[in-house]
Each structure stands twice: as structure tokens, then as C-alpha cells.
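S.K.: One structure is given below, represented as C-alpha cells, and several questions about it will come after.
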Amino acid sequence: MQSFARFLLLSACCWSAALAATTKVVCYFNTSALKRPESSRMLLSQIEPSFSYCTHLVVGYATINTETYKAVPPSEDEHTTYTNIVALKRRFPSLKILLSIGGGAADTDTREKYFELLESDEHRTTFVSSAKSLLKQHGFDGIDIAWEFPKNKAKKDRGTFGSIWHGIKKAVGAAHSHTDEKADEHKSQFSALIRELRTSLRNENALLTLSVIPYINQSLYYDPTALNQQIDELHVLAFDYRNPERDPKEADYPAPLYPAGQRDSDLSVDGNIRWFLENSFPASKLVLGIPTFARTWKLTEDSKVSGAPPIETDGPGDQDAIVQTPGLLAYQSVCTLLPNPSNKDKPTTLRRVNDPSNRLGSYGFRLPSGDVNGLWVGFEDPDVAAYKAQYAKTKSLAGIAFSDLSLDDYNGICTGEKFPIVRAGKLKLRSP
Ligand SMILES: *[C@@H]1O[C@H](CO)[C@@H](O)[C@H](O)[C@H]1NC(C)=O
Ligand SMILES: *[C@@H]1O[C@H](CO)[C@@H](O)[C@H](O)[C@H]1NC(C)=O
């Protein structure tokens, strides 16, 4: 009897240790949403319903001052925003709030500072102590580093149209192609920076995480073994494998779980995650990033009528009223364009194409007609978020991350649920 009880106890202990649970739900929040024009501005109170789902809030993005190499907020009044965000912990005490430094800014000129900083011991020291000051000043629970390494070149590897375009780009683009001759040094300097940050945060009981932003060549700049020793989690922002800025002439699945057809496996969620696992980075610290936004392209008279990707396009699709960025749609804009009872006969309504294989993602499109522009939209919806969360569970990853809260349907206009994409991911993690 006694030994049976001990057996039960033993198995309870060891089962839970053996089955690494996928539990973290990391929610990014781009504070620029608080500064949108009034009609589409988000209020801080509107992110609160997401805290039923999020375990971590990553506040983006602080930046680096080009003259001093200090980590600084993008503007002085951002300090007030940080104070207000951290104050949310009073009502949501279990929420971990991290400040992210870096991000996916569009400006390429300022990117040099990220190398200059790495290359100098003195600049690194300045950066580390300024990051720690920001953490302490506002009472963040940790620092997330979203380092802006140079973007790799857009890659074309498919389709008849694609290969013609590829040929042209290759012929004219060779001279501009970016090669970082000091990549090895930058890689070890980056590992050193992370180590120095960890050392400096040691007495602060602070989390240190890394966000791998899209288009960065992972094998050039990340040393998974060295990083693993220092960081608590690594968030792979696994999206934008295709985007209208980099691939203006051809639309394709922006964030497929697996490569479509014969396309390059590097350009898929699975390829991205597997690279870290195959390079000895533990699944138990890896977090899978899921976008809440859609990428859009303009279809033309020449685009094939089937809508199937890859498909010829003419640049980014028109902007919406919420984020006002060509080629980018918030989910609440997507769901109003997808067929629903209230837009049945509208010429702007898209044809929706689901992906029953749960491998590629969904898309919608409309061909140009009359005054209505053609549009191709590769989107994430609650179903896609759920099967990506399932993938994270299958691989025993630490969790999932959403980028970002301001682009999910925070008003609940799609189905009445607020943050339906984040919610679907969380529910999938919870379900057996
Ligand atoms: C944050 O939002 C602003 C305004 O919508 C946008 O310009 C910026 O690119 C976003 N930043 C990131 C890293 O997505
Ligand atoms: C990334 O860098 C490696 C060398 O470390 C190179 O072989 C590979 O082609 C690069 N990938 C991209 C997408 O540029």
C-alpha cells in the first residue's frame, strides 16, 4: 500500500517534469498605436482584455541614441507611457512586463549604429547600463533585445514569373548585395553584449529575452549555444517571409508553417524553428511568434484569375484606416473584407480561400474591376493561430508570441470576441 502511494507520487512528479508544457503567451505591444490619429487611436485600457490570455507583455520599442549609444525611449513622453503600462501590474500582478529595445524600424541608415555599438567595448558598457537604468526607473520585469542586424536580401525561388524577376534582379542587383565581412566578429560581439547584459541584470531578478526579427540571417549573427547560457527565452518572430515591401511584384503566403510546393524551407515557420533546435537551442526556451496582421499586394489585370500564390502583383495593397500603412492590414480590417452577411454584394469583398491542410495560411483576393483595385491578402486568423499553437505544443516549445496586440481585433468587431487571434492561440495551449 505504502509503496503503491510512493509509486503514485513518483509518477506524478516525473510525468510533469518529462512533459515540458507549452504555457507562455507573449504579447507584443507597439506603443505607437497609442499615438495613431484620433479616429483609430488605441487607448491603453483597450489592451486589458488581452491579459486574460497573455502571460508576458513586451512593450516595443526603445531605440539606441546614435550619439550616445544609450538605450532610450523613442521620445521623451514615452516615459509616461512606460509608467502607465507598468502601473497595470497593480491590477494584473502575474503579468510580466518587458521593455524591448530595437525592433523592426524601416530606416536602414540608422542600422549602422547597431554595428558600431557592438564593435566598441565602451559603447556596449554604456548601452548595458542605460538599459538597466530604464528597467529600474520604470520597474519593468525584464529586457527584451530585438537587435537590428542587416536584413538579408529578398529571395526569389519559384514560379515562372518569379524566375524571370529573379534573373533581372540577379543581373542588376549583384553590385548592391549586402555582405558583412565582419559577420563572425559581430556574432561574437553580440554574444558578448548579451552576456554583459545578463551580468549587469543579475541582482535585479530581471528576465532577459531575445526577439529574432524577420529577414535576419540567423546563422550569420546568432550563436545559439552562447545565447542559451544567458537568456531566459528566445522569441522567433516567424513571419514576413514574403512581404510587399521586399517582394513588390509577387504575392505569396507571408508566414507559412511549412514551405508551399517546392519553395525554400528557410522561408517557413518550421524551417526557422528547426534551425534553432538543430543548432542545440533548447525547445524549452523557444517561443513561436505568430502575426496578428495581414500582408497585402495589389493585383493587376495581368494577375492570374485563380488568385493562387505565387501571383504577379504591382506593389503593396492600399492602406486601411487603422494602421495606415500600405501592404499591412490589421485583423479587424481583414475580417470586414472577408465575406460576411453584411458585405455580401459589395464589390470590395474578397474571395476567401482557406487552407484545409493547416500548413500554409489563408488568403483572400479580388481582381481589379471598375473603380475597385485588385487586392491579395495573406492573413492569419484564429484558426491559423490555433494550428501554429498546436505546432508549438507538438515541439514542446516554451510558448507562443503575438505581434502584436494593436493589430488583433481589440474591439471585438469581427465576432464579438476581443483579441480573437491571441485567444485562439491561448485556448489551443490549454486544450488537451
Ligand atoms: C509600430 O507602429 C507604427 C505605427 O503604426 C509603425 O510605423 C511601426 O513600423 C511599428 N513598429 C513595428 C516594429 O512594427
Ligand atoms: C546566411 O548565411 C550563411 C552563411 O553563414 C549563408 O550560407 C546563407 O546563404 C545565408 N542565407 C541567406 C538567406 O542569406
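The values are calculated or read from the model by the stated rules, or taken from the named source; none is laboratory data. Source: prediction; values computed, not measured. Virtual Cβ from ideal backbone geometry, glycine too; neighbours counted across all protein chains shown. SASA here: full protein model, heavy atoms, side chains in, ligands and nucleic acids out. Shrake-Rupley method; radii C 1.70, N 1.55, O 1.52, S 1.80 Å.
S.K.: For Glu122, are the conditions met, namely being over 18 Å from Phe149 (Cα atoms), in a helix (DSSP H, G or I) and either among the acidic types (Asp, Glu) or modelled with pLDDT under 95 (or both)? First the steps, then the outcome.
M.R.: Working: over 18 Å from Phe149 (Cα atoms): yes; in a helix (DSSP H, G or I): yes; either among the acidic types (Asp, Glu) or modelled with pLDDT under 95 (or both): yes.
Judged against the criteria, Glu122 is a match.
S.K.: What residue, among those in the range 37-63 that are part of a helix (DSSP H, G or I) and among the hydrophobic types (A, V, I, L, M, F, W, C), is least open to solvent (accessible area, probe 1.4 Å)?
M.R.: Only one residue fits best here, namely Ile47.
S.K.: In addition: Can you name the residue in the range 21-42 that is hydrophobic (A, V, I, L, M, F, W, C) and closer than 13 Å to Val287 by Cα and is also farthest from ligand 2 (Cβ to nearest atom) among such residues?
M.R.: It comes out as Ala21.
S.K.: Within the range 208-236, track down each residue that is more than 16 Å from ligand 2 (Cβ to nearest atom) and under 14 Å from Ile273 (Cβ atoms).
M.R.: Hits for the range 208-236 are Glu233, Leu234, His235.
S.K.: Here's something else I'd like to know. Would you check if there is a residue in the range 342-354 being open to solvent by less than 70 Å² (accessible area, probe 1.4 Å) and out of contact with any strand residue (DSSP E or B) (no Cβ under 8 Å at 6 or more places or on another chain)? Steps first, please.
M.R.: Looking only at the range 342-354, we keep the residues that are open to solvent by less than 70 Å² (accessible area, probe 1.4 Å), and these are 343, 348-350, 353.
So of that shortlist, the ones also out of contact with any strand residue (DSSP E or B) (no Cβ under 8 Å at 6 or more places or on another chain) come out as 343.
There is at least one residue in the range 342-354 that is open to solvent by less than 70 Å² (accessible area, probe 1.4 Å) and out of contact with any strand residue (DSSP E or B) (no Cβ under 8 Å at 6 or more places or on another chain).
S.K.: Please verify whether Tyr28 is surrounded by 15 or more Cβ atoms within 10 Å (Cβ to Cβ), away from ligand 1 (no atom under 16 Å from the Cβ) and not in a helix (DSSP H, G or I), treating the condition exactly as stated.
M.R.: So Tyr28 fails the test.
S.K.: Give the range 202-223 a look and list any residue that's farther than 21 Å from Leu134 by Cα and more than 19 Å from the chain's Cα centre (by Cα), or say none.
M.R.: Of everything in the range 202-223, those that are farther than 21 Å from Leu134 by Cα and more than 19 Å from the chain's Cα centre (by Cα) turn out to be Leu220, Asp223.
S.K.: Could you look through the range 125-147, keep only residues that are outside any helix (DSSP H, G or I) and open to solvent by 10 Å² or more (accessible area, probe 1.4 Å), and pick out the one that is farthest from Val26 (Cα to Cα)?
M.R.: Gly139
S.K.: Taking only pairs six or more apart or across chains, which ones have beta-carbon atoms under 6 Å, a first residue in the range 257-272 that is of a type in the set (S, T, N, Q), and a second residue that is assigned to a loop (DSSP other than H, G, I, E, B)?
M.R.: Final answer for the pair search is Ser265/Pro259; Ser268/Pro256; Ser268/Tyr258; Ser268/Pro259; Asn272/Ala238.
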